[in-house]
1. Going by the alpha-carbon gyration tensor, a ≥ b ≥ c the square roots of its eigenvalues, is the chain rounded (a/c under 1.5) or, if a/c is not under 1.5, prolate (a/b greater than b/c) versus oblate?
2. Restricting to DSSP H runs of at least four residues, report the calculated mean residue ellipticity at 222 nm for the chain, -39500 (n - 2.57) per run over all residues, nearest 500 deg cm²/dmol.
3. Within 14 Å, Cβ to Cβ, of residue 47, how many net charges do the neighbouring residues add up to if Lys/Arg are +1 and Asp/Glu are -1?
4. Evaluate the relative contact order of the stretch 42-140 (contact order divided by residue number), counting alpha-carbon pairs under 8 angstrom at least 6 apart; express in whole percent.
5. Averaging sequence separations of C-alpha pairs under 8 Å and six or more residues apart, then dividing by the length of the stretch 102-222, give the relative contact order as a whole percent.
6. What's the magnitude of the charge dipole for the stretch 98-222 around its Cα centre, counting Lys and Arg as +1 and Asp and Glu as -1 at the beta-carbon? Answer in Debye, nearest 20.
7. Please give the residues of the stretch 87-109, grouped as numeric ranges, whose backbone N is less than 13 Å from a label point set 7 Å along the Cα-to-Cβ vector of residue 75.
8. How would you rank 189-200, 162-173, highest first, on the average number of other Cβ atoms within 10 Å across their residues?
Amino acid sequence: MEFFDIATKLNQIKKALPPQVTLVAVSKTKSEAAILEAYNAGQRVFGENKIQEMAQKHTALPKDIQWHMIGHLQRNKVKYMAHFVDLIHGVDSLQTLIEINRQAEKHHRVINCLLQAHIAQEETKFGLSLDEIEQLLNSAEIKTLKNILVVGFMGMASFTDDLKQIETEFKSLSTFFNKLKSQNKALKILSMGMSGDYQLAIKCGSNMVRVGSAIFGERHYI
Ligand SMILES: *Cc1c(COP(=O)(O)O)cnc(C)c1O
């Protein structure tokens, strides 16, 4: 097994973060032992991108972990996380909000959600345009959903080495977030930035970063 000191990496990253920034340790594909290493170093917020993997880890690991769903959602699987999920980052349709609301109601909870904005150039990334987000937030339908609360936005920049391009994309979402925040008091979280670009994202106004490989090492898919 390779040696990769999770606690050291985690502490280096945490030490350099401004106080308003929440670190989500992205533990997808990583073992429970690796997650416990980060947990024992003080980390409590973890992000996963597959609902069933997250549910298994939630069952096995300490109950004061806050689990964030950061992946694209399959609506038929929302029920497996509705009793415990702390924040859902990747919501990009009214239909998904309706299903989260339906499942949250069964557990007498309000589930906090982020709307995913499409800010990258690639076609492959999920998400809503900024116009679509504004329409959704102002829609009559969303006001009827009492068991979800939209608390902010999530965005992923283009997969490119062009830092100017990434900065432009982050800034577009940050400007939009600040505009809508002044009209909607529930909007508090701007989730932008991964291992390769979280420092730039913070400079552009992010207050939640989703960092995986810089903490846990490279992922090995099977
Ligand atoms: C995997 C993933 C991350 C973390 O990526 P790293 O480059 O390993 O930090 C962040 N956000 C989302 C949505 C992801 O799927």
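1. Working: a/c = 1.76, a/b = 1.17, b/c = 1.50.
It comes out oblate by the Cα gyration axes.
2. Working: 9 runs with 83 residues, N = 222.
About -10500 deg cm²/dmol.
3. Numbers: positive: 28, 30, 44, 50, 57, 210, 219; negative: 48, 53, 86.
My count for the surroundings of residue 47 gives +4.
4. Working: 143 pairs, mean separation 20.7, N = 99.
Averaging sequence separation for qualifying contacts and normalising by length gives 21 percent for the stretch 42-140.
5. Numbers: 179 pairs, mean separation 26.5, N = 121.
It rounds to 22 percent for the stretch 102-222.
6. On the way: 15 positive and 14 negative charges, 153 e Å.
Approximately 740 debye in magnitude.
7. Zone members listed by number: 92-103.
8. Values: 189-200: 21.5, 162-173: 17.2.
My ranking of the peptides, most packed first, is 189-200, 162-173.
The values are calculated or read from the model by the stated rules, or taken from the named source; none is laboratory data. Since the model is a prediction, treat every value here as computed from it, not as a measurement. Glycine also receives a Cβ, built like all others from the backbone with ideal geometry; neighbour counts cover every protein chain displayed. The area values use the complete protein model at the heavy-atom level, side chains included, leaving out ligands, DNA and RNA. Shrake-Rupley method; radii C 1.70, N 1.55, O 1.52, S 1.80 Å.
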